[in-house]
């Protein structure tokens, strides 16, 4: 069984990290288009500035996993994007809400625990991140949570999120066939 190294891409992303992230994101949209709100045609047209903003903001982080070969993580063979992003959502005024989105695991690596490693790394980043937007808005007196939107028919995803501490959020509007889930950090 492969060994995975989970890490975040620290800004500024190198050109090779940016290229690898773009390739894997576009691959995810081609392989599992039903899993995402966005689509390949939209994102393949993104400028380099849009791709760079996804990786270089201090308020979000790309958490990735690479397969370690001979215990050397310097040559990733699989990058699995996911990132929490501080985002103002008005559900509960005393919550500091981070959104986990674009979670994807390549089919060759599913069922090996890497999804849980990625989600847990995202939760840890949200737990330890200090977002000045929340400090300015709420004076630092808020509860940190991570929220995500998942399709109802994504049983594997919902199971993964439940195992890593997420629960359904009742009463929050979602599109038909979707649900919001939340984890307190």
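The values are calculated or read from the model by the stated rules, or taken from the named source; none is laboratory data. In this text, all values refer to a predicted model and were calculated from it rather than measured experimentally. Cβ sites come from the backbone with ideal geometry, for glycine too, and all protein chains shown count toward neighbours.
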If you take the residues of segment 23-37 that are surrounded by 14 or more Cβ atoms within 10 Å (Cβ to Cβ) and outside any helix (DSSP H, G or I), which of them is modelled with the lowest pLDDT?
36
Here is a list of conditions, (1) touching a strand residue (DSSP E or B) at 6+ places or on another chain (Cβ under 8 Å); (2) over 25 Å from residue 67 (Cα atoms); (3) modelled with pLDDT of 90 or more, and residue 88 meets all of them except one; can you say which number that is?
(3)
Of the conditions (1) at pLDDT 85 or above; (2) assigned to a strand (DSSP E or B), residue 54 clears all except one; give me its number.
(2)
Residue tally, condition free of Cβ contacts under 8 Å to residues at least 12 places away in the same chain and in a helix (DSSP H, G or I), over segment 1-22
3
Among helices (runs of 4 or more DSSP H) completely within segment 108-185, the ones holding 3 or more residues that are surrounded by 13 or more Cβ atoms within 10 Å (Cβ to Cβ) and at pLDDT 90 or above are 114-128, 155-163
